[in-house]
Amino acid sequence: MQITDLIYEKRDGAAWITINRPERRNALGETTTRQLVQLCEQAATDGGVHAVVITGAGGDAFCAGGDMLDTFQRREGHTQQQWSDRIRQGPNVLARLLQAMPKPVVACINGVAAGGGATIALACDLRIASDKARFCFPFARIGLTPEFGCSYLLQRTVGAGRANELLLLGDFVDAATAERYGLVNRLSSHQELGRVTQEVVDRLVALPAGALAGIKGLQQFARSRDLRETLEQEALALGRAFTSSEHRSAVSAFLNRKSQARPVHQAGA
């Protein structure tokens with residue numbers, strides 16, 4: 001598929017994917033979600049990419065959700081089956097991909113995140129937001145239900161009661177409130193958002209990729225399994241980790257640093 005709605009950049013071991021429809025507040029157009037899938041798959045399979053960032057172009061919107069004109073009005077005559085198939089082929093695929101990708105995904109939220117935009121951010125592993133960001137899950141207000149795994153992810157992020165409030169009332173919440181609810185991991189001034197996000201991404205890129213992939217996999221596994229099954233999965237994962245070259249390299253580097261930090265005692269001192 002031709003990429004028209006997104007910008008893809010590789011920077012120092014990370015892939016930055018920018019939703020580039022600022023004239024529509026980066027709303028999701030006819031093929032935007034499937035283009036996101038394509039670029040995320042590209043990043044997931046690129047050995048030179050160790051982390052992924054999703055953000056929005058311009059200074060006031062991360063993603064304003066589905067484009068009312070480009071998506072809804074043009075498909076007004078669609079049947080239930082056609083709409084369901086569209087969700088299966090777009091939002092459902094992207095949500096699974098972001099969660100299952102063996103690389104950390106960071107949402108750099110530079111402004112409004114509403115509807116599908118808020119749920120795309122929710123499907124990422126970390127969310128760093130500008131103090132000018134606002135969040136909204138307005139599905140009920142326009143006679144719709146959640147997508148992109150929102151009904152699964154939101155209650156696991158903020159709790160069932162808060163998720164009910166956000167989904168049933170559909171009110172906007174500001175960045176500080178979103179942080180208090182747990183929707184946002186870190187807040188930044190609007191001017192410093194790029195720098196703060198880059199610092200987090202640099203830290204992720206510098207960490208052992210296999211360990212990050214293992215942690216993401218365990219988190220995903222544990223969401224739907226009991227403690228006994230999760231403990232067994234942890235045992236299997238640690239067996240792989242303890243015998244990996246990246247673990248041996250990390251231990252060796254740690255011991256070297258510790259050795260170099262010891263004071264040298266002169267004979268006879």
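The values are calculated or read from the model by the stated rules, or taken from the named source; none is laboratory data. No experiment lies behind these values; they were computed from the predicted model shown. Using ideal geometry, Cβ is built from the backbone for each residue, glycine included, and neighbour counts are taken over all protein chains shown. For the accessible areas, the whole protein counts, side chains as well, though only heavy atoms, and no ligand, DNA or RNA atoms are used. Shrake-Rupley method; radii C 1.70, N 1.55, O 1.52, S 1.80 Å.
Going residue by residue through segment 29-49, is there one that turns out to be without any contact (Cβ under 8 Å) to a residue 12 or more places away in the chain and closer than 27 Å to Pro138 by Cβ?
no
Taking the condition of being touching a His at 6+ places or on another chain (Cβ under 7 Å) and surrounded by fewer than 21 Cβ atoms within 10 Å (Cβ to Cβ), how many residues in segment 93-108 meet it?
0
Yes or no, residue by residue, for (1) of a type in the set (Phe, Trp, Tyr); (2) over 24 Å from the mean Cα position of the chain (by Cα); (3) under 19 Å from Val52 (Cα atoms):
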| position | (1), (2), (3) |
| --- | --- |
| Leu168 | no, no, no |
| Gly182 | no, no, no |
| Ala209 | no, no, yes |
| Glu229 | no, yes, no |
| Ser249 | no, yes, no |
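What are the residues in segment 51-100 that are more than 17 Å from Leu6 (Cα to Cα), modelled with pLDDT of 90 or more and charged (D, E, K, R), if any?
Of everything in segment 51-100, those that are more than 17 Å from Leu6 (Cα to Cα), modelled with pLDDT of 90 or more and charged (D, E, K, R) turn out to be Asp85, Arg86, Arg88, Arg96.
Filter segment 78-114 for residues that are of a type in the set (S, T, N, Q) and in a loop (DSSP other than H, G, I, E, B) and give the result.
Answer for segment 78-114, where residues must be of a type in the set (S, T, N, Q) and in a loop (DSSP other than H, G, I, E, B): Thr79, Asn110.
Given the options Leu238, Leu207, name the one that is among the hydrophobic types (A, V, I, L, M, F, W, C) and modelled with pLDDT of 95 or more.
Leu207
What pairs come out if I take residues in segment 196-209 that are in contact (Cβ under 8 Å) with a residue 12 or more places away in the chain and pair them with residues that are in a helix (DSSP H, G or I) and crowded, with 18+ Cβ neighbours inside 10 Å whose C-beta lies under 9 Å away, six or more apart or interchain?
Cβ pairs passing all conditions: Leu204/Leu212.
Is one or more of the residues making up segment 12-26 more than 26 Å from Lys216 (Cβ to Cβ) and surrounded by fewer than 13 Cβ atoms within 10 Å (Cβ to Cβ)?
Yes, there is a match, as at least one residue in segment 12-26 is more than 26 Å from Lys216 (Cβ to Cβ) and surrounded by fewer than 13 Cβ atoms within 10 Å (Cβ to Cβ).
Only one residue in Leu227, Leu168 is loosely packed, with under 13 Cβ neighbours inside 10 Å, over 28 Å from Ala57 (Cα atoms) and modelled with pLDDT of 95 or more, so which one is that?
Leu168
Could you tell me whether any residue of segment 149-156 is crowded, with 22+ Cβ neighbours inside 10 Å and under 18 Å from Asp171 (Cβ atoms)?
yes
crowded, with 22+ Cβ neighbours inside 10 Å, under 18 Å from Met1 (Cα atoms) and modelled with pLDDT of 95 or more: is that true of Ala43 in this structure?
Spelling it out, Ala43 is indeed crowded, with 22+ Cβ neighbours inside 10 Å, under 18 Å from Met1 (Cα atoms) and modelled with pLDDT of 95 or more.
Hey, could you check segment 72-90 for residues that are open to solvent by 10 Å² or more (accessible area, probe 1.4 Å) and touching a residue at least 40 places away in the same chain (Cβ under 8 Å) and say which is nearest to Arg24 (Cα to Cα)?
Arg74
Going through segment 221-233 one residue at a time, which ones are in contact with a Phe, Trp or Tyr (Cβ under 9 Å, 6 or more places away or on another chain) and either within 27 Å of Asp46 (Cα to Cα) or not in a helix (DSSP H, G or I) (or both)?
Of everything in segment 221-233, those that are in contact with a Phe, Trp or Tyr (Cβ under 9 Å, 6 or more places away or on another chain) and either within 27 Å of Asp46 (Cα to Cα) or not in a helix (DSSP H, G or I) (or both) turn out to be Arg223, Gln233.
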